[in-house]
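Comments concern the structure below.
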């Protein structure tokens with residue numbers, strides 16, 4: 001029998017607004033980051049993953065992107081990702097893009113297999129943190145009800161083991177997709193929404209970060225201007 005971890009324990013998230021307003025994530029919680037391309041989602045995910053090194057924990061980082069692209073992204077904020085991989089702090093794995101599930105003969109079985117493989121990776125590496133960069137292709141899947149059921153089962157599975165999850169979503173301007181994304185966000189413990197004006201998020205052109213709890217975090221909602229400072233990462237503009 002799995003011993004349930006204390007999900008009320010707080011851990012540092014690497015997100016300056018979360019750590020200031022809520023004092024971190026709940027251990028075993030499930031968190032979403034939603035935002036447009038180049039808004040800082042992956043940088044926040046890397047900052048979350050690197051917090052594992054402070055507590056001598058480990059992070060399983062699953063990505064649908066080329067691993068070299070992630071390495072380049074990390075070097076922009078002066079993170080030597082390979083060093084953390086060599087130390088066993090971060091395990092970086094590229095996963096198949098599920099965008100073609102809807103065109104297969106039995107997409108439902110494929111989706112179930114996908115989540116089954118996800119659990120096998122967790123059992124194999126026994127991380128304390130997990131990042132999925134990104135989850136957007138999953139919610140483009142036709143059978144949203146099945147996806148929601150499988151995700152909720154995985155959320156409970158992680159919570160029982162005290163594994164904190166961070167899932168990234170690309171925001172879309174499509175209104176129907178936005179409705180789906182809004183419904184899915186309710187499956188999280190809390191979600192972080194990033195918005196920006198223009199192509200860059202820097203001190204001269206800051207974005208807006210909003211954090212919204214679905215369960216726990218009684219401090220409530222917060223928002224702040226934020227920017228990406230090279231090589232320091234995501235920073236907030238303190239009021």
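The values are calculated or read from the model by the stated rules, or taken from the named source; none is laboratory data. These numbers come from a predicted model, not from an experiment. Glycine gets a Cβ as well: all are built from the backbone with ideal geometry, and neighbour counts include every protein chain shown.
Applying the criterion of being in contact (Cβ under 8 Å) with a residue 24 or more places away in the chain and farther than 18 Å from residue 133 by Cα to the residues of the range 85-95, the residue that is surrounded by the most Cβ atoms within 10 Å (Cβ to Cβ) is 87. In the set (1) in contact with a helix residue (DSSP H, G or I) (Cβ under 8 Å, 6 or more places away or on another chain); (2) in contact (Cβ under 8 Å) with a residue 40 or more places away in the chain, residue 217 fails one condition alone, (1).
Residue check: is residue 203 at pLDDT below 95, closer than 30 Å to residue 238 by Cβ and in contact with a strand residue (DSSP E or B) (Cβ under 6 Å, 6 or more places away or on another chain)? Spell out how you get there, then give the answer.
Working: at pLDDT below 95: yes; closer than 30 Å to residue 238 by Cβ: yes; in contact with a strand residue (DSSP E or B) (Cβ under 6 Å, 6 or more places away or on another chain): yes.
Judged against the criteria, residue 203 is a match.
For the range 83-113, a residue qualifies if it is modelled with pLDDT of 90 or more and part of a helix (DSSP H, G or I), and the qualifying residues are 83, 84, 85, 86. For the range 114-148, the candidate set comprises residues that are surrounded by fewer than 14 Cβ atoms within 10 Å (Cβ to Cβ) and closer than 26 Å to residue 172 by Cα; within that set, the residue that is modelled with the highest pLDDT is 145. When the residues of the range 124-147 are filtered to those that are in contact (Cβ under 8 Å) with a residue 40 or more places away in the chain, outside any helix (DSSP H, G or I) and over 30 Å from residue 55 (Cα atoms), the one that is nearest to the chain's Cα centre (by Cα) is 141. Considering the conditions (1) touching a residue at least 24 places away in the same chain (Cβ under 8 Å); (2) closer than 18 Å to residue 34 by Cβ, residue 197 is excluded by exactly one of them, (1). Among the residues of the range 9-24, those identified as part of a loop (DSSP other than H, G, I, E, B) and crowded, with 22+ Cβ neighbours inside 10 Å are 13, 14, 15.
Looking at the range 31-46, is at least one residue touching a helix residue (DSSP H, G or I) at 6+ places or on another chain (Cβ under 7 Å) and assigned to a loop (DSSP other than H, G, I, E, B)? Checked against the condition, which is being touching a helix residue (DSSP H, G or I) at 6+ places or on another chain (Cβ under 7 Å) and assigned to a loop (DSSP other than H, G, I, E, B), the range 31-46 yields no hits at all. The listed residues are 166, 150, 158, and the only one of them that is touching a residue at least 12 places away in the same chain (Cβ under 8 Å), on the phi < 0 side of the Ramachandran plot, in a helix (DSSP H, G or I) and touching a helix residue (DSSP H, G or I) at 6+ places or on another chain (Cβ under 6 Å) turns out to be 150.
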